[in-house]
Amino acid sequence: MAKETSSLGDLNKNKLIRLSKSCIGDAEKNAVMRVLDKEFLGMGEQVRIFEEKLSHFFGREAVCVVNGTAALHLALQACEIGIGDEVLVPSITYVASFQAITATGAIPVACDVEETSLCLDWLDAEKRITSKTKAIMPVHYSGGVGELDKIYKLAEKYKLRVVEDAAHAFGTTYKNQKVGGFGDISCFSFDGIKNITSGEGGCIVTDDDKVLDLVKDARLLGVEKDSDKRYKGQRSWDFNVSKQGWRYHMSDIMAAIGIEQLNRFDTISAQRKEIAITYTNELGNCDQITYIDHDYEEVVPHIFPTILADGNSRDDISKALNQYGIQTGIHYIPNHLHSFFKKSTKSETILSETDSIYHSLLTLPLHEEVSKSDVKYIVGKLTGILK
Ligand SMILES: Cc1ncc(COP(=O)(O)O)c(C=O)c1O
């Protein structure tokens, strides 16, 4: 419980404003109960229905898996990315993007981000292309996609696969097309705090039939054509395995939650947009802070990262906000600085934008239950501390 201890605020807050949270209603709870009552908890009819609804949402086929990291791993594997191959990826992303690449045996090549979007800087990425580069993984940071058309042009020029890490961008459109509804392969996460959740979960969306077939088998330990049986509550007993697979399928409990979240996505999306727009309105005149200037006609925001002006200590500000009951986050420590990726990442070339901003990144609360008055309270405290 945070107590109002300063003249900066006048809302007498006595609650913790969480950075992010799962927002679950009766529909999700009832859906889970229906699955539990059936006493069939694995991958079955609910996963089939969730996939059908997602495929309708995107306008092309979606395959569900156990989480977004697995989606990225399987997508890369299906593109035959493996040992010694190189994959271009922005350093500012969740460690999941990097781990999915190294899981295939490939090398993540850390790239810089653009100043305006904090998404992959395609010009920087081009400089890092070698004969071993096989794929590019743009990360849709905070919900925006940056210069995705330029990234696709780059991929075409160098014959690279594009595996979009769209974990943050469920519902976002780009030039009026839904992310996931176009391009090579898009991977989404439905973990507990994403734009929609299935508890944990993720999906791969593409119109590449070969990739779809490969990921459907690979999520079920490589058991060929097992997905169709699972949808009917059955499984294969007499089967062949010809490729490396993983136990990456989604369960009906997860899918049941995801279906209900998708059913009310219009509301979720409107709320997320409204919170982000309120932040931008409230922060408008503060010269100590910058943030990504998304077009919220297109972007469904997943997080609200800010960049503090030089001279502000992020740790001090984060601690002070915490005293007021406001949680903050850091998205992200650049991955080329992690000891594991120092060995595997070719980071000898400087990442100038990444290195200059990452100490100043501070993410403010954004989830369905953050109210407009919460945002005013948060911005009031933050600007008060900065002054
Ligand atoms: C940018 C990014 N990529 C990938 C993932 C991985 O998703 P999951 O947590 O579902 O494995 C996340 C999840 O936080 C993410 O933020």
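Just for helices (runs of 4 or more DSSP H) wholly inside region 308-372: which have at least 1 residues that are under 30 Å from residue 108 (Cα atoms) and among the β-branched types (Val, Ile, Thr)? Write out each step before concluding.
On the way: elements: 314-323, 339-344, 352-357.
Result: 352-357.
Take the residues in region 303-315 that are out of contact with any helix residue (DSSP H, G or I) (no Cβ under 8 Å at 6 or more places or on another chain) and either without any contact (Cβ under 8 Å) to a residue 24 or more places away in the chain or of a type outside the set (A, V, I, L, M, F, W, C) (or both); name whichever of them is surrounded by the most Cβ atoms within 10 Å (Cβ to Cβ). Even if it seems obvious, please write down each step before you answer.
At the first step, the residues of region 303-315 found to be out of contact with any helix residue (DSSP H, G or I) (no Cβ under 8 Å at 6 or more places or on another chain) are 303, 305, 311, 313, 315.
This time we only want the ones that are either without any contact (Cβ under 8 Å) to a residue 24 or more places away in the chain or of a type outside the set (A, V, I, L, M, F, W, C) (or both), so: 305, 311, 313, 315.
Numbers: 305: 25, 311: 8, 313: 12, 315: 10.
Per the stated criteria, the residue is 305.
If the Cβ limit is 6 Å and pairs must be 6+ apart or interchain, which residue in region 127-141 that is touching a residue at least 12 places away in the same chain (Cβ under 8 Å) and not assigned by TED's automatic domain parsing to the domain that holds residue 302 pairs with which residue that is within 15 Å of the ligand (Cβ to nearest atom) and part of a loop (DSSP other than H, G, I, E, B)?
139/93; 140/166; 140/168; 140/169; 141/118; 141/119
Out of all the residues in region 98-107, is one or more within 14 Å of the chain's Cα centre (by Cα), among the hydroxyl-bearing types (Ser, Thr, Tyr) and under 29 Å from residue 50 (Cβ atoms)?
no
Conditions (1) touching a Lys or Arg at 6+ places or on another chain (Cβ under 9 Å); (2) among the hydroxyl-bearing types (Ser, Thr, Tyr), marked per residue:
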{"position": "342", "(1), (2)": "no, no"}
{"position": "354", "(1), (2)": "no, yes"}
{"position": "363", "(1), (2)": "no, yes"}
{"position": "366", "(1), (2)": "yes, no"}
{"position": "370", "(1), (2)": "yes, no"}
{"position": "374", "(1), (2)": "yes, no"}
{"position": "377", "(1), (2)": "yes, yes"}
{"position": "383", "(1), (2)": "no, yes"}
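Output the qualifying pairs, or none if there are none: Cβ atoms under 7 angstrom, residues six or more apart or on different chains, first residue in region 97-109 and over 15 Å from residue 133 (Cβ atoms), second residue modelled with pLDDT under 95 and away from the ligand (no atom under 12 Å from the Cβ).
Filtered contacts from region 97-109: 98/341; 102/344.
So which of 249, 294 is more than 18 Å from residue 142 (Cα to Cα) and outside any helix (DSSP H, G or I)?
Every option except 249 fails the conditions.
The values are calculated or read from the model by the stated rules, or taken from the named source; none is laboratory data. Predicted, not measured: the structure shown is a model, and the values here were computed from it. Glycine gets a Cβ as well: all are built from the backbone with ideal geometry, and neighbour counts include every protein chain shown.
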